[in-house]
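Engineer: After the structure tokens below, expect a handful of questions from me.
Read-outs throughout are calculated quantities, based only on the coordinates presented, and are distinct from any laboratory measurement. What you are looking at is a predicted structure, and each value in this text was computed from that prediction instead of being measured. Methodologically, a virtual Cβ is constructed for each residue, glycine included, from the backbone with ideal geometry; neighbour enumeration extends over all protein chains shown.
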Amino acid sequence: MSTYFPKAQDQINRKWYVVDATGIPVGRLSTVLADVLSGKAKPTWTPFLDMGDHVVVVNAAKAVLTGRKPQQKMYRRTTTQPGSMKEVRADKMQAVYPNRVIEAAVKGMLPKGPLGRAMYRKLKVYEGAEHQHAAQNPEPLTIKL
């Protein structure tokens, strides 16, 4: 058995997908999105190349945090100065910036380094039902619960 290896002249055919996050748990949503962004579902997947597709997430405000995560999960940020760390609970973050909750979950599941950053740039998250990527003709991506 020989392993497929993409050639330099091979073009990566990237598709566009749109996902409606209404009623879907953030963890399940982000695992599927990380697989699509990295291209793991494709038979041409290669670990050290960005083979993934673009994903547009709509209705991020309607995604669900399960269990006690809304009260216990904390989002932290810092400027690296002593005493500058800020903590925000997940329920407050989802009320103010619902797209950041999904973005942070997906970013944590992607590889670290330049390859993961390239994959992350293909993720577009919108709070409402409107998005700016209609010209790309995104296909709907269904997520099984």
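Engineer: Show me, for the range 30-42, the HN-Hα J-couplings you get by feeding each phi into the Karplus relation (A = 6.51, B = -1.76, C = 1.60, θ = phi - 60°), rounded to Hz, glycine and proline as x.
Structural biologist: In residue order, the calculated couplings are 5, 5, 5, 5, 5, 5, 5, 5, 8, x, 5, 7, 8 Hz.
Engineer: Next question. Could you calculate the FRET efficiency of Thr78 with Thr31 from 1/(1 + (r/R0)^6), where r is the beta carbon distance between them and R0 is 25 Å, rounded to 0.05? Could the numbers behind the result be given before it?
Structural biologist: Values: r = 27 Å, r/R0 = 1.08.
So the FRET efficiency works out to roughly 0.40.
Engineer: Can you tell me what share of the DSSP beta bridges in the chain is antiparallel? A percent to the nearest 5 is fine. Let's see the in-between values first.
Structural biologist: Values: 4 of 15 bridges.
Given both bridge residues lie in the chain, the antiparallel proportion sits at roughly 25 percent.
Engineer: May I pose another question? Once amide H atoms are built 1.01 Å from N in the peptide plane, which residues 5 or more positions from Tyr17, or in another chain, come under 5 Å H to H?
Structural biologist: His54, Val55, Val56, Glu139
Engineer: Taking amide hydrogens as modeled 1.01 Å from N in the peptide plane, which residues meet the under 5 Å criterion relative to Val64, leaving out close sequence neighbours?
Structural biologist: Here Gly23, Ile24, Val26 satisfy the definition.
Engineer: Sorting Thr79, Thr31 on the 10 Å Cβ count, fewest up front, what's the list?
Structural biologist: Thr79, Thr31
Engineer: Taking the Cβ of each residue in Met85, Met109 as the centre, tally the other Cβ atoms inside 10 Å and list the residues starting with the fewest.
Structural biologist: On the way: Met85 11, Met109 17.
The most exposed by this proxy come first: Met85, Met109.
Engineer: If you plug each phi of the range 11-26 into the Karplus form 6.51 cos²θ - 1.76 cosθ + 1.60 with θ = phi - 60°, what whole-Hz ³J(HN,Hα) values come out, in order, with x for Gly and Pro?
Structural biologist: These are the phi-based 3J(HN,Hα) values: 9, 8, 8, 8, 9, 10, 10, 10, 10, 9, 8, 5, x, 9, x, 4 Hz.
Engineer: Calculate the dipole size of the range 78-145 relative to its Cα centre from +1 charges on Lys and Arg beta carbons and -1 charges on Asp and Glu beta carbons; express the result in debye to the nearest 20.
Structural biologist: Details: 11 positive and 6 negative charges, 63 e Å.
The calculated dipole for the range 78-145 is roughly 300 debye.
Engineer: Please list, in chain and number order, the residues 5+ apart from Val125 or on another chain whose amide H is under 5 Å from its amide H, with Hs placed from the backbone.
Structural biologist: Long-range HN contacts for Val125: Val57.
Engineer: Further question on the same structure: Answer with one residue from Gly67, Thr142, Val96: the one whose Cα lies farthest towards the positive end of the charge dipole of the chain, charges on Cβ with Lys, Arg +1 and Asp, Glu -1.
Structural biologist: Gly67
Engineer: Reachable lysines from Lys62, Cα under 26 Å, same-chain residues fewer than 8 places away excluded?
Structural biologist: Lys15, Lys73, Lys86, Lys92, Lys107, Lys122, Lys124, Lys144
Engineer: I've got another one for you. Mind listing the phi-derived Karplus ³J(HN,Hα) values for the range 127-141, rounded to whole Hz, using 6.51, -1.76 and 1.60 with θ = phi - 60°, and x for any glycine or proline?
Structural biologist: Karplus-based 3J(HN,Hα) across the range 127-141 equals 5, x, 8, 8, 9, 9, 10, 5, 5, 7, 6, x, 8, x, 10 Hz.
Engineer: Using 0.36 nm times the number of residues separating Arg68 and Asn13, minus their current alpha carbon distance, what extension gain do you get?
Structural biologist: Computed gain between Arg68 and Asn13 is 15.7 nm.
Engineer: Using only Cα atoms, find the angle between the long axis of helix 98-109 and the longest principal axis of the chain, and express it within 0 to 90 degrees, rounded to the nearest 10.
Structural biologist: 50 degrees
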